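Everything on this sheet refers to the single structure shown next.
The values are calculated or read from the model by the stated rules, or taken from the named source; none is laboratory data. On a predicted model such as this, the values are computed, not experimentally measured, just so you know. Methodologically, a virtual Cβ is constructed for each residue, glycine included, from the backbone with ideal geometry; neighbour enumeration extends over all protein chains shown. What goes into the accessible areas is simple: the full protein's heavy atoms, side chains included, and nothing from ligands, DNA or RNA. Shrake-Rupley method; radii C 1.70, N 1.55, O 1.52, S 1.80 Å.
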Amino acid sequence: MIASFGVIVGSLALFIILSGFSGLRTFSYSLLDVSDPDIKITTSLGKSFLVTKGLQQEINANTAINESSKVIEERVFLEYNEKTEIAFIKGVEQNYTKISQIDSSLNAGTWLQKEYSNTAVIGRGISNKLSLGILNYGEPLKIMIPKPGKGFINPRKPFYKIETQIIGIYRGTEEFESKYVFTSIAQARKLLRFKENQVTAIELKLNNSRAADAVANQLRDRLGTGFKVQTKAQLNEVFYKVINTENFVSYLIFTLIVIIALFNVIGAIIMMIIDKKSNLKTLLSLGATMKEIRKIFIFQGFLLTFFGMCIGLFFGIVLVFVQKKFELFMIVPSLAYPVEFRIVNLIIVFFTITILGFIAAKIASSRISEAFIEQ
């Protein structure tokens with residue numbers, strides 16, 4: 001019973017940890033759906049490029065692309081009520097909400113609307129740093145960028161500047177919340193003095209996001225070396241590596257705990273061997289081979305770990321669905337700890353416990369020898 005309890009707890013813990021990291025990965029990736037497109041096209045040289053008819057036709061002709069949107073993005077200087085902050089302006093077209101789910105992440109206010117000019121949406125981090133809320137009509141947010149060029153610059157007017165009213169505040173990852181001021185592409189074009197078809201990026205929404213790598217490779221071949229084509233995973237390469245590494249390390253740590261718990265199985269089998277020593281001597285006298293006798297205890301150890309694992313997985317599945325339904329464990333008062341039931345996690349736990357249990361039983365049964373039985 002003690003050995004079985006160790007297997008039950010070990011398999012339960014391993015399944016819950018894997019389910020927790022699956023939920024955390026899905027939750028983290030959903031935040032990226034707000035901040036990044038499926039594919040982003042930028043120029044390999046410089047910051048901006050001209051959208052030619054050939055380039056637009058190449059994008060429109062690709063049936064894997066559901067929607068495309070031009071973007072103007074640049075680092076800017078923000079000023080509001082004598083408070084300052086450095087961020088990025090991101091000028092977007094009206095269809096940008098089809099590329100990103102940014103409008104669904106609004107914490108307050110509304111998204112950019114065509115009928116209202118000189119408006120902007122900022123992140124919660126920028127809002128807190130500048131003490132800036134929505135619809136503050138008394139004082140606009142000033143967005144400035146240094147004037148380009150060489151030689152003498154008038155110190156009284158060193159910046160290009162636009163003034164906007166904040167109509168929305170979005171939320172997301174800590175970095176994303178403190179990074180962008182979203183405006184219409186016309187406002188960004190006016191601030192940066194860009195031409196009508198001059199942009200810094202084209203962002204794409206695919207019909208099937210899982211095909212992003214294949215579509216990106218196809219676009220690289222078609223557009224040539226003058227453009228850089230990046231998928232969401234490539235735009236967030238470090239983030240993806242951290243999440244996957246944490247998941248793998250946690251799996252190794254809890255597998256180690258399972259291995260320690262299986263020492264109880266080894267001990268229980270060895271005690272059973274000692275207790276049944278006289279019976280083993282009888283079997284040996286009746287003609288049973290050492291291999292057949294060892295198989296008895298290998299099978300017993302395997303059954304012990306198998307049924308312990310089944311019980312542990314049953315309770316683990318129940319706990320996962322209870323957490324999804326009733327949100328018993330919270331990260332913050334407004335956010336439950338994310339968990340996700342996946343068949344692949346069941347398979348991982350099944351093979352991990354089964355293989356380790358078989359090895360433990362094999363180790364314990366190896367103690368049986370003719371010399372030991374005849375003692």
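Structure above, values below:
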{"read-out": "Close pairs (8 angstrom Cβ cut-off, 6 or more residues apart or separate chains): under 18 Å from Thr26 (Cα atoms) and in contact (Cβ under 8 Å) with a residue 60 or more places away in the chain in segment 161-177, among the polar types (S, T, N, Q) and part of a strand (DSSP E or B) anywhere", "value": "Arg171/Asn107"}
{"read-out": "Leading residue by the ranking (least open to solvent (accessible area, probe 1.4 Å)) among those in segment 337-352 that are in a helix (DSSP H, G or I) and out of contact with any Phe, Trp or Tyr (no Cβ under 8 Å at 6 or more places or on another chain)", "value": "Thr352"}
{"read-out": "Filter pass, Gln234 being farther than 21 Å from Thr26 by Cα and among the polar types (S, T, N, Q)", "value": "no"}
{"read-out": "Total residues in segment 213-247, condition touching an Asp or Glu at 6+ places or on another chain (Cβ under 7 Å) and in a loop (DSSP other than H, G, I, E, B)", "value": "1"}
{"read-out": "Total residues in segment 219-269, condition among the hydrophobic types (A, V, I, L, M, F, W, C) and within 17 Å of the chain's Cα centre (by Cα)", "value": "8"}
{"read-out": "Residues that are among the aromatic types (Phe, Trp, Tyr) and buried (at least 23 other Cβ atoms within 10 Å of the Cβ), drawn from segment 85-106", "value": "Tyr96"}
{"read-out": "Scan of segment 355-369 for residues that are open to solvent by 70 Å² or more (accessible area, probe 1.4 Å) and either within 17 Å of Gly10 (Cβ to Cβ) or not charged (D, E, K, R) (or both), ordered by number", "value": "Ile355, Phe358, Ile359, Ile363, Ser366"}
{"read-out": "Residue under evaluation Ala371, criteria (1) more than 30 Å from the chain's Cα centre (by Cα); (2) at pLDDT 90 or above, criterion not met", "value": "(2)"}
{"read-out": "Every residue from segment 125-149 that is open to solvent by 60 Å² or more (accessible area, probe 1.4 Å) and either touching a Gly at 6+ places or on another chain (Cβ under 8 Å) or small (Gly, Ala, Ser) (or both)", "value": "Ser131, Leu135, Gly138, Gly149"}
{"read-out": "Within segment 275-330, tally of residues that are in a helix (DSSP H, G or I) and either within 19 Å of Ala371 (Cα to Cα) or not aliphatic (A, V, I, L, M) (or both)", "value": "36"}
{"read-out": "Qualifying residues in segment 29-82 (those that are open to solvent by 50 Å² or more (accessible area, probe 1.4 Å) and hydroxyl-bearing (Ser, Thr, Tyr)) - the one modelled with the lowest pLDDT", "value": "Tyr29"}
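Condition check ((1) open to solvent by 30 Å² or more (accessible area, probe 1.4 Å); (2) not in a strand (DSSP E or B)) across all residues:
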{"site": "Glu163", "(1), (2)": "yes, no"}
{"site": "Ile169", "(1), (2)": "no, no"}
{"site": "Glu175", "(1), (2)": "yes, yes"}
{"site": "Arg189", "(1), (2)": "yes, yes"}
{"site": "Glu196", "(1), (2)": "yes, yes"}
{"site": "Ile202", "(1), (2)": "no, no"}
{"site": "Ala211", "(1), (2)": "yes, yes"}
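Every residue, every condition in (1) open to solvent by 80 Å² or more (accessible area, probe 1.4 Å); (2) in contact with a helix residue (DSSP H, G or I) (Cβ under 9 Å, 6 or more places away or on another chain), yes or no:
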residue: Leu283; (1), (2): no, yes
residue: Gly287; (1), (2): no, no
residue: Ile293; (1), (2): no, yes
residue: Cys310; (1), (2): no, yes
residue: Leu313; (1), (2): no, yes
residue: Gly316; (1), (2): no, yes
residue: Phe321; (1), (2): yes, no
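Rundown of residues vs (1) among the hydroxyl-bearing types (Ser, Thr, Tyr); (2) more than 16 Å from Lys362 (Cα to Cα); (3) free of Cβ contacts under 8 Å to residues at least 40 places away in the same chain, yes/no style:
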residue: Ala216; (1), (2), (3): no, yes, no
residue: Arg222; (1), (2), (3): no, yes, no
residue: Gly226; (1), (2), (3): no, yes, no
residue: Ala233; (1), (2), (3): no, yes, yes
residue: Ile253; (1), (2), (3): no, yes, yes
residue: Ile270; (1), (2), (3): no, no, no
residue: Ile273; (1), (2), (3): no, no, no
